Amino acid sequence: HSDLVNIPVAGMDEDFVFIPTTKHLSAKHIDPAMKEFTGDKLYVRKTVIEKLQEAAKSLALINPGFSLLVVYGFRPLEIQQKLHNEVTSTLVETDIETLLEKANRYVASPDTAGHPAGAAVDINLLHNGQPVDMGTAIHDLSPDSYVFSPFVSKRAWHNRGLLRNAMIKAGFAPFDGEWWHFSYGDKEWAFYYQQPHALYEQITSKEMEIFLKRH
């Protein structure tokens, strides 16, 4: 957290776009609150979609049955704050840095999170429309959700590698604590690729509503 918080943000003015359904890329809300907010459409920044399409194409070259399913994209800043507060309140730590590091294991700190910037996605790898074995269910925050957990099967390890490699090749930053989480243009991405700044500002639900009305 301390490595990320001071990374500046360039504040690129790039549109939010809903993720289209194609042969190798689709999106589906699994959070009822987000479905209520944006309907069936799941939004991220325009460049994020281009890079998702790139990753999906490279996976399809490995196996034509492969596709990517995005289950989480944009999340308003105040929802991120609420989720983080809820997690923090359950932890008992006297040292503030330790407290933040533990809380960030479950929900990224609002001052560094990629979802409120439209820069992060939670994603599953499908084969012929069905989730492949990734060792855990998506959003299962057990120790085995760490990408390099030694306790998942060889098949799950292989599948995690396929997804990770395709996403990195397309320019995303991985998050080692969750095999499903990747980002482009947020502070995590800037830190991973040693960029001088993140690209996208975080926004609130009100700012997103204004954008949706304009489009």
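The values are calculated or read from the model by the stated rules, or taken from the named source; none is laboratory data. These figures come from a predicted structure and were not determined experimentally. Positions of Cβ are generated from backbone atoms using ideal geometry, with glycine treated the same way; all protein chains shown enter the neighbour counts. The area values use the complete protein model at the heavy-atom level, side chains included, leaving out ligands, DNA and RNA. Shrake-Rupley method; radii C 1.70, N 1.55, O 1.52, S 1.80 Å.
For residues that are touching a residue at least 40 places away in the same chain (Cβ under 8 Å), in a helix (DSSP H, G or I) and open to solvent by less than 40 Å² (accessible area, probe 1.4 Å), tally how many sit in the stretch 157-179. Spell out how you get there, then give the answer.
Here is the first cut: in the stretch 157-179, the ones touching a residue at least 40 places away in the same chain (Cβ under 8 Å) are 162-163, 166-167, 169-172, 177-179.
When the remaining residues are screened for being in a helix (DSSP H, G or I), the result is 162-163, 166-167, 169.
The next check asks that each one be open to solvent by less than 40 Å² (accessible area, probe 1.4 Å); those that pass are 162-163, 166-167.
Number satisfying all stated conditions: 4.
Mind listing just one residue for me: the one in the stretch 47-78 that is in a helix (DSSP H, G or I), hydrophobic (A, V, I, L, M, F, W, C) and buried (at least 19 other Cβ atoms within 10 Å of the Cβ) and, of those, modelled with the lowest pLDDT? Taking the candidates together, the pick is Leu77.
Please work out which residue is nearest to Leu68 (Cα to Cα), limiting yourself to the stretch 109-139 and to residues that are acidic (Asp, Glu) and over 14 Å from the mean Cα position of the chain (by Cα).
Going residue by residue through the stretch 109-139, those that are acidic (Asp, Glu) are 111, 122, 133.
Now drop any that are not over 14 Å from the mean Cα position of the chain (by Cα), which leaves 111, 133.
Details: Asp111: 28, Asp133: 14 Å.
Applying the filter and picking the extreme gives Asp133.
The residue of the stretch 143-156 that is farthest from Ile62 (Cα to Cα), among those that are open to solvent by 10 Å² or more (accessible area, probe 1.4 Å) and not in a loop (DSSP other than H, G, I, E, B), is Pro143. Quick check: anything in the stretch 124-142 touching a Lys or Arg at 6+ places or on another chain (Cβ under 7 Å), surrounded by 15 or more Cβ atoms within 10 Å (Cβ to Cβ) and at pLDDT below 95? Within the stretch 124-142, none of the residues are touching a Lys or Arg at 6+ places or on another chain (Cβ under 7 Å), surrounded by 15 or more Cβ atoms within 10 Å (Cβ to Cβ) and at pLDDT below 95. Scanning the stretch 180-194 for residues that are part of a loop (DSSP other than H, G, I, E, B), in contact with a Gly (Cβ under 9 Å, 6 or more places away or on another chain) and open to solvent by 10 Å² or more (accessible area, probe 1.4 Å) yields Tyr184, Tyr193.
Quick check: anything in the stretch 15-33 farther than 26 Å from His127 by Cβ, in a helix (DSSP H, G or I), open to solvent by 30 Å² or more (accessible area, probe 1.4 Å) and at pLDDT below 95? Talk me through it step by step, then tell me what you get.
At the first step, the residues of the stretch 15-33 found to be farther than 26 Å from His127 by Cβ are 15-17, 32-33.
The next check asks that each one be in a helix (DSSP H, G or I); those that pass are 32-33.
Restricting the remaining residues to those that are open to solvent by 30 Å² or more (accessible area, probe 1.4 Å) gives 32-33.
Subsequent filtering for residues that are at pLDDT below 95 retains 32-33.
The answer is yes, given that some residue of the stretch 15-33 is farther than 26 Å from His127 by Cβ, in a helix (DSSP H, G or I), open to solvent by 30 Å² or more (accessible area, probe 1.4 Å) and at pLDDT below 95.
Reported count of residues in the stretch 196-212, each being touching a residue at least 60 places away in the same chain (Cβ under 8 Å) and either surrounded by fewer than 16 Cβ atoms within 10 Å (Cβ to Cβ) or over 16 Å from the mean Cα position of the chain (by Cα) (or both), is 7.
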